[in-house]
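Take a look at the structure below.
Nothing in this text is a laboratory measurement; each read-out follows from the coordinates by a stated rule. Quantities reported herein were computed from a predicted structural model and do not represent experimental measurements. So basically every Cβ, Gly included, is an ideal-geometry build from the backbone, and we count neighbours across all protein chains shown.
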Amino acid sequence: MTISSIFLCGIVVTYVALADNYKEQYNDMKTDRDSFKETAESKTEQYNQKDAEKVAIENKLNSEIAKLNTEIGTLKGQLKDFEDQRKNWLQRVSDMASVVETTTQTSKETTKLMMDKEAELNKLKAERIKLIDQFEDTSTTLLEKLAVIQTLEKEKKQLIEEKVELQNRLDKLLQPTGRTPAPVVTITPKPTEIARPAPVIAKKIGLKGQVTAVDTKNKMASISIGTADGVKEGMKFHVTRGDKFICDMLIIDTDAEEAVGALELVQEQPRPGDTVSTNL
Amino acid sequence: MSPNRQIRGGKVVPVANLYTIILGLAFFVVLATAVFVAYKCYIQYETIYFSIP
């Protein structure tokens, strides 16, 4: 019995030494539970806060959706207007295409007409050269005729002097007899009026335009009229501003609606908008 | 506790033998066990008595 009690005591000591500390485990679990409880409360609070935020955001988004729906309605209206405008523009484009086609055809006809006119111009140039030759021949003949006329005038003057001398002698012969010589009748009739040269007819060109651009570095300027208005290379224009003379301009290059010239006799720097004209 | 009890002058005289030593040792072991259990209870539960929290 003594040994059994010792053995039993050994068992008791071993059990007590190896037994778990349930109080400590209880405290740990309690601490964990409190922690979890606090966490749950915190999470619940966060959930409520997030829920409130969600409701606020939902309201805000609903108002934005309503606003965007209104904008969508407005944009749909605008889209409809733009589509109408697009249809109008397409109609205009088709009209313009037909106009362009017509213009192209007209341009072809104009080009053909221009080529005809150019051929005619060449023909006229040839005629002009021929006329210049004729004019030179005529001038030479005229000079010769003038020389002949001068000779004839000298002869006429001599004949008049001879006639006066003969008239004096005849008067001296007939005066003692009391007679006078009968007037001389010529076969060739006397000219009634003296031939005079035809007056020279000069016409003013009368072109007028405006300065469109000025290149002060190269002393050049461009004007708003071109070959379509009758501007030719070598023409001289006068640049004026109001009643003030600015400079002269000698045309060196021409285009259909524009011409470029060099500035001369510059009194003041020309500006775009100044008047150009062939006659002051 | 020995079977061979000595009697001197009509008085019973205790005999110090092996059984007495074992008995003393057992007593000491039981006492030490009780102290150890009480100590552990006090350390772990701060009381040596049983109670339900």
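Remind me, relative contact order of chain A in percent, using alpha carbon pairs under 8 angstrom and six or more residues apart?
So the answer I get is 11 percent.
Would you please state which residues of the range A:213-257 a label at A:ILE132 would reach in this model, taking the label point 7 Å out along Cα→Cβ and a backbone N cut-off of under 18 Å?
Under cut-off, by backbone N: A:232-235.
Using only atoms on other chains, find how many Cβ atoms lie within 10 Å of each Cβ of peptide B:31-39 and report the average.
Going residue by residue through B:31-39 and averaging, the value is 3.
Roughly how many Å is it from the Cα centre of the range A:104-164 to that of the range A:256-280, as a whole number?
35
Taking 0.36 nm per residue of separation and subtracting the Cα-Cα distance, what length does fully extending A:TYR26 through A:ILE205 add?
Stretched fully, the A:TYR26-A:ILE205 segment lengthens by 52.1 nm.
How charged is the neighbourhood of A:ASN21? Take every other residue with its Cβ under 13 Å from the Cβ of A:ASN21, and add Lys/Arg as +1 and Asp/Glu as -1.
-2
I'd like the orientation of helix A:22-174 relative to chain A: the angle between its Cα long axis and the longest Cα principal axis, in ° from 0 to 90, rounded to 10.
10
Enter the mean number of other protein chain beta carbons within 10 Å of the beta carbon of each residue in A:5-17, as an integer.
Across the residues of A:5-17, the mean count of other-chain Cβ atoms within 10 Å is 4.
Please give the length that would be gained between A:LEU265 and A:SER139 if that part of the chain were fully extended, namely 0.36 nm times their separation in residues minus their C-alpha to C-alpha distance (nm, one decimal).
Length difference between fully extended and current span is 41.6 nm.
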